[in-house]
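Novice: The structure is given below, and queries will be raised subsequently.
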Amino acid sequence: MTDAALTPKQAAFRAEYKRNIASWYNGWGHLLSIFVPGIAVIAWCIHKIHDPTVLEVVFALPVLVFYNFNEWWLHRNAMHRPIKGLGGILMPVFHRHTHQHHQYFTAKVMTYDTNREWRIVLFPPYALIVFMLMTLPAALIVGFVWSANAGYVLMMLTPIYYLNYESFHLCCHVHDNAFVRNCPLVNTIRRHHAAHHSQPIMMERNMNLTYPIADWYMGTSDLERGLLGHLFNGYSTRYVKAEFREDQGSELDASVKPA
Ligand SMILES: [Zn+2]
Ligand SMILES: [Zn+2]
């Protein structure tokens, strides 16, 4: 269904990328290497939380919003711009995302066919470990200064958000199906991200990969509507700004009624 839109350059890149995936690579193994440690940390934190106060639970909200802006910032900067500082540690992130992921998937050809292609969708397993290690000092400080419960809440939100990110991003690149088409929030991010994969706008539009909150607030969304409308937009192209109408992802078109 997508082959017609596959340009010769993209087809060649895909073939070459697939050839270079190690023979021992296994998509499910990759997924489990992220989800097992992530779920283990979440379960451990939940086990440690006892009788949380309302404030300790509500504390999760500003943290999640902060993570949403973090996701926006990291995608817009580390993943789409070459940051040469910090000893070049972020350059592979830029190369992997802008040069590889965005060439493998374009708005016109957004989907993969086999689990081996999860290699180009999921982050390497160490990314979650790095994010959790970055959270740990803050969680310890919150734990000592405020309460142990709040520290554990903060600690578990990192894997929760990250697993949410990876799941949603995978949903953006699967072939269309009843779940991704109808599940609220998932269908929203699918259209949002398909539009992001449009090469002319990928550097500055639709940077969120979970919920388009930061894109709405920062004015980097391709939609012209309010926050709730952004969150529950689904596949609709009705509110897409005129200048971004053209390249909304041909794989969504079949199930999207024109505006
Ligand atoms: Zn993507
Ligand atoms: Zn991107």
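The values are calculated or read from the model by the stated rules, or taken from the named source; none is laboratory data. These numbers were taken from a predicted model, which means no experiment stands behind them. Please note: Cβ atoms are built from the backbone with ideal geometry, for glycine as well, and neighbour counts cover all protein chains shown. The accessibility values were calculated without ligands, DNA or RNA, using every heavy atom of the protein model including side chains. Shrake-Rupley method; radii C 1.70, N 1.55, O 1.52, S 1.80 Å.
Novice: Taking the 0 to 90 degree range and rounding to the nearest ten, how far is the long axis of helix 8-19 tilted relative to the main principal axis of the chain, both from C-alpha atoms?
Specialist: Roughly 50 degrees, rounded to the nearest 10.
Novice: Let me ask another. Tell me the per residue accessible area of the stretch 1-87 using a 1.4 Å probe; a whole number in Å² is fine.
Specialist: Details: 5650 Å² over 87 residues.
In whole numbers, the stretch 1-87 has 65 Å² accessible per residue.
Novice: Could I ask something else about it? What area, in nm² and to one decimal, does the C-alpha convex hull of the stretch 20-157 cast on average over all directions?
Specialist: Numbers: hull surface 41.9 nm².
If I average the Cα hull's projected area over directions, I get 10.5 nm².
Novice: Local charge sum around C183 (other residues, Cβ-Cβ under 14 Å, Lys/Arg +1, Asp/Glu -1)? Mind showing how you got there, number by number?
Specialist: On the way: positive: R181, R190, R191; negative: D176.
That works out to +2.
Novice: Please list, in order along the stretch 193-203, the HN-Hα scalar couplings obtained from phi with the Karplus expression 6.51 cos²θ - 1.76 cosθ + 1.60 (θ = phi - 60°), rounded to whole Hz, x for Gly and Pro.
Specialist: The phi angles translate into 6, 4, 5, 4, 6, 5, 4, x, 10, 5, 6 Hz.
Novice: Kindly provide the helix-only [θ] at 222 nm of the chain, computed as the sum of -39,500 (n - 2.57) over DSSP H runs of four or more divided by all residues, to the nearest 500 deg cm²/dmol?
Specialist: Values: 12 runs with 137 residues, N = 259.
Estimated from H runs of four or more residues: -16000 deg cm²/dmol.
Novice: Of the accessible area of the chain, with the probe set at 1.4 angstrom, what percent is carbon plus sulfur? Spell out each step's value before the answer.
Specialist: Numbers: 8990 of 13140 Å².
Taking all protein chains in place, the chain shows 68 percent carbon and sulfur surface.
Novice: Give me Rg over Rh for the stretch 2-80, both radii from the alpha carbons and Rh done the Kirkwood way, two decimal places. Please report the intermediate quantities before stating the final value.
Specialist: Numbers: Rg = 20.3 Å, Rh = 17.3 Å.
Here Rg/Rh amounts to 1.18.
Novice: Another question about this same structure. May I ask for the angle, rounded to the nearest 10°, between helix 27-48 and the longest principal axis of the chain, with both axes built from Cα atoms and the value confined to 0 to 90°?
Specialist: Once rounded, the angle reads 30 degrees.
Novice: Between L86 and R238, take the C-beta separation as r, use R0 = 51 Å, and let me know the FRET efficiency to the nearest 0.05. Provide the component values of the computation, followed by the final result.
Specialist: Working: r = 42 Å, r/R0 = 0.83.
Result of the calculation: an efficiency of 0.75.
Novice: Continuing with the same structure: Which whole-number value in Å² is the accessible area per residue of the stretch 123-259, probe 1.4 Å?
Specialist: On the way: 6160 Å² over 137 residues.
The answer is 45 Å² per residue.
Novice: For the chain, find the longest principal axis of its Cα atoms and tell me its angle to the long axis of helix 60-76, 0 to 90°, nearest 10.
Specialist: Roughly 40 degrees between the two axes.
Novice: Using Cα centres only, tell me the gap between the stretch 80-109 and the stretch 110-151 in whole Å.
Specialist: 19 Å
Novice: Let me ask something additional. Enumerate the calculated ³J(HN,Hα) couplings along the stretch 185-191 in order (Karplus 6.51 cos²θ - 1.76 cosθ + 1.60, θ = phi - 60°), each rounded to whole Hz, writing x wherever the residue is Gly or Pro.
Specialist: Values per residue, Gly and Pro as x: 6, 5, 5, 4, 6, 5, 5 Hz.
Novice: While we're here: Once you put a point 7 Å from the Cα of M218 and another 7 Å from the Cα of D113, both along the Cβ direction, what distance in nm separates them?
Specialist: 3.6 nm
Novice: Let me ask something additional. Looking at the calculated P(r) for the chain, what percent of the C-alpha pair distances fall above 31 Å?
Specialist: Working: 9276 of 33411 pairs.
So the portion of pairs separated by more than 31 Å is 28 percent.
Novice: A further question follows. Give me the number: length gained by fully extending H99 to W146, i.e. 0.36 nm times residue separation minus the C-alpha to C-alpha distance, one decimal in nm. Walk me through the numbers before you get to the answer.
Specialist: Values: separation 47, 0.36 × 47 = 16.92 nm, distance 4.36 nm.
Stretched out fully, the H99 to W146 stretch lengthens by 12.6 nm.
Novice: Same structure, new question: Distance from the Cα centre of the stretch 39-73 to that of the stretch 152-221, in angstrom?
Specialist: For the stretch 39-73 versus the stretch 152-221, the Cα centre distance is 19 Å.
Novice: Which value in nm describes the separation of the simple spin-label points at L32 and H175, placed 7 Å from the Cα toward the beta carbon?
Specialist: 2.5 nm
Novice: OK, next. Given the peptides 236-245, 164-173, arrange them by the average over their residues of other C-beta atoms within 10 Å, most packed first.
Specialist: On the way: 236-245: 14.7, 164-173: 19.3.
In descending order of packing, they fall as 164-173, 236-245.
Novice: Placing +1 at every Lys and Arg Cβ and -1 at every Asp and Glu Cβ, with all other atoms neutral, what dipole size does the chain have around its Cα centre, in debye to the nearest 20?
Specialist: Values: 21 positive and 18 negative charges, 84 e Å.
Here the chain has a charge dipole of around 400 debye.
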